[in-house]
1. About the Cα centre of the range 136-281, how large is the charge dipole given +1 on each Lys and Arg Cβ and -1 on each Asp and Glu Cβ? Please answer in debye to the nearest 20.
2. Per residue of the chain, what 222 nm ellipticity follows from adding -39500 (n - 2.57) for every DSSP H run with n ≥ 4, rounded to the nearest 500?
3. In the range 179-259, if the dipole is taken from +1 on Lys/Arg beta carbons and -1 on Asp/Glu beta carbons about the Cα centre, which of GLY185, THR244, THR225 is farthest to the positive end?
4. If you take the beta carbon distance between THR38 and ALA74 as r and set R0 to 30 Å, what does 1/(1 + (r/R0)^6) give as a FRET efficiency, to the nearest 0.05?
5. For GLU258 and LEU280, FRET efficiency with R0 = 25 Å and r from the beta-carbon atoms, rounded to 0.05?
6. If one takes the longest principal axis of the Cα atoms in the chain, at what angle in degrees, from 0 to 90 and to the nearest 10, does the Cα axis of helix 73-85 lie?
7. Pick from LEU221, LEU98, LEU180 the residue whose mean-square fluctuation is largest in a GNM of the chain, springs joining Cα atoms under 10 Å.
8. How large is ³J(HN,Hα), in whole Hz, for each residue of the range 30-38 in order, when computed from phi with the Karplus curve 6.51 cos²θ - 1.76 cosθ + 1.60 and θ = phi - 60°, using x for Gly and Pro?
Amino acid sequence: MAPSPSARVQETRDRIAGRLRALRLDAGMTGRQLAELTGWQGSKVSRLQSGRSQPSDDDIRAWCRACGAEDEAADLIAAARQAQQMYTEWRRVQRAGLRGVQQARLPLYERTRVMRVYSSSVIPGMLQTRAYAAALLAEIARFSRTPDDSAAAADARVERSRIIRRSGRRFPILIEEAALRRQVGGRDVMADQLGYLLQAAALPAVTLGIIPSRAGPLWPLETFTVFDAEQVAVELLTAAITITTPSEVTQYIAAHEEMSAGAAHGPAAFRLIAQAVSGLA
């Protein structure tokens, strides 16, 4: 069973505490010596390195400075902020309907120049037709027991997706082959969706890769989007995770690049889409 959101947050806090403790040990200092250098009580050092207290940005900077590891501070600060903000419960953000969820990310989409997308199970939102989006969002609303405003939400999603036609941006998009064969909204909706996918793949800003079912370079991962090299949005069943720790963002970019290297592009990708169209029941 996957850890709950609260358990994942605690795991992140424990990792931060472990890194702080390791920095102290690498510097050859006792907790008392670190407390003297920072001007803290010894109990504060103990709480921070055991994970019982969440460090502030200034705490992390002071700790790293005392340990001669100031280059570690930015990563640790980002991880600490992530532990506080990483989870947004779907039910909380969806309780007023799905349209607002689509609109909430519009400013982020607008300022992003390179958007790397990976989808393991459905056609990515950036490449969805309105009918496909409406059918998918209706299912999400049903499962989540939230107000069904799927029609308005689909309109908002399609409007947001117009960004792929603007110049000065790049959209490297990876889709597992299985997503081409998962019928959403019935045969006609899927046929139109796959046809649109072929059209969208020809846009100058879009680089489409299809990961063949038989030869993926990595196991299927959770759906994620990397916004420039600044943050990653990861979609789970019950939560959306926002990752901003530089080293973790770099890992997602590396995973995207590795999967892209093993994906079908150009004519090979078009053949997989055409095969999916032929296989529609």
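The values are calculated or read from the model by the stated rules, or taken from the named source; none is laboratory data. Source: prediction; values computed, not measured. Note: ideal-geometry Cβ built from the backbone for every residue, glycine included; neighbour counts use all protein chains shown. Protein only, heavy atoms only, side chains kept; ligands, DNA and RNA dropped before computing areas. Shrake-Rupley method; radii C 1.70, N 1.55, O 1.52, S 1.80 Å.
1. Dipole size: approximately 420 debye.
2. -16500 deg cm²/dmol
3. In the range 179-259, that residue is GLY185.
4. 0.95
5. 0.20
6. 60 degrees
7. LEU221
8. My calculation for the range 30-38 gives 7, x, 5, 5, 5, 4, 5, 5, 8 Hz in order.
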